[in-house]
Amino acid sequence: MRFKKQEEAATVRQKAMAEYVAEADARQAKTNKLRALRLAKEAEDLANAHAAPVKKAARAKKKIA
């Protein structure tokens, strides 16, 4: 009886650990994918920023009373 309970507990622990590791791997893969997408977008934005210079905002004219 006691040995069987210990075996069952070990099996439950192994399954839980496997799920934990799988979730951690999936989270890391998603993080890496999102980071790559963000870096690509930032690089594209930086390249486009140099191609088209930003215009300065027009100054507001003062009204003379």
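In square angstrom, what is the accessible area per residue of the chain with a 1.4 angstrom probe? Numbers along the way, then the final one.
Values: 7020 Å² over 65 residues.
Per residue, the chain has an accessible area of 108 Å².
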message: Quick check: at a probe of 1.4 Å, how many percent of the accessible area of the chain sits on carbon and sulfur atoms?
response: 60 percent
Computed log₁₀ I(q)/I(0) - Debye formula, equal Cα scatterers, no solvent, the chain, q 0.15 Å⁻¹: -0.76
- request: Treating the angle as unsigned and between 0 and 90°, give the value, to the nearest 10°, between the Cα long axis of helix 2-51 and the longest Cα principal axis of the chain.
  value: 10 degrees
statement: Given the candidates Gln28, Met1, Ala57, the one whose Cα lies deepest towards the positive end of the charge dipole of the chain, counting +1 at each Lys or Arg C-beta and -1 at each Asp or Glu C-beta, is Ala57
Count of lysine pairs in the range 1-59 with Cα separation under 23 Å (8 or more residues apart, or interchain): 6
- prompt: Using a basic spin-label model with each label point 7 Å from the Cα along Cα→Cβ, how many nm lie between Ala22 and Ala49?
  reply: 4.3 nm
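The values are calculated or read from the model by the stated rules, or taken from the named source; none is laboratory data. Fair warning: this is a prediction, and the values are worked out from it, not measured in the lab. All Cβ positions, glycine included, derive from the backbone under ideal geometry; neighbour counts span all protein chains shown. Side chains included, ligands, DNA and RNA excluded: accessible areas come from the protein's heavy atoms. Shrake-Rupley method; radii C 1.70, N 1.55, O 1.52, S 1.80 Å.
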